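Take a look at the structure below.
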């Protein structure tokens, strides 16, 4: 099993850094270009949520843990921010708590469309952990 863990400040410029880390991590597993794009996009959405929604008033830290066993990828993105009071509502398409930032409210929908599974664990005042999983296609 391969595993990488990073801790980054909740700054918008770290969204692209997280995408690069995810790409570098999965590249040795010989993903398709489409798989790389899907994983980068899902990571971008999860990290954006942690930064924008997890720490609306003051900064904090976002953790990203990546693991791979064979072609099975797991990426956990977590924060110790404000948390989500109602996960089911937050996962609804077009739901956003940041209308003033012109957020579309499609973050979880995008993650779910590109990954095999998206698990969200959160509690108000305790932060949020999003676990993304995907099995890469075997290429012959």
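A compact table of results
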{"quantity": "Relative contact order [Cα under 8 Å, 6+ residues apart], the chain, whole percent", "calculated": "27"}
{"quantity": "Cβ crowding within 10 Å averaged over residues, with 58-68, 26-36 ranked highest first", "calculated": "58-68, 26-36"}
{"quantity": "Between helix 33-52 and the chain: long-axis angle, C-alpha atoms, 0 to 90°, nearest 10", "calculated": "20"}
{"quantity": "Cα long-axis angle, helix 14-26 against the chain (0 to 90 degrees, to the nearest 10)", "calculated": "20"}
{"quantity": "Computed [θ] at 222 nm, deg cm²/dmol, the chain (DSSP H ≥ 4; -39,500 (n - 2.57); rounded to nearest 500)", "calculated": "-10000 deg cm²/dmol"}
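Every number in this text was worked out from the coordinates using simple rules, so none of it is lab data. Keep in mind it's a predicted model, so treat the numbers as computed, not measured. Methodologically, a virtual Cβ is constructed for each residue, glycine included, from the backbone with ideal geometry; neighbour enumeration extends over all protein chains shown.
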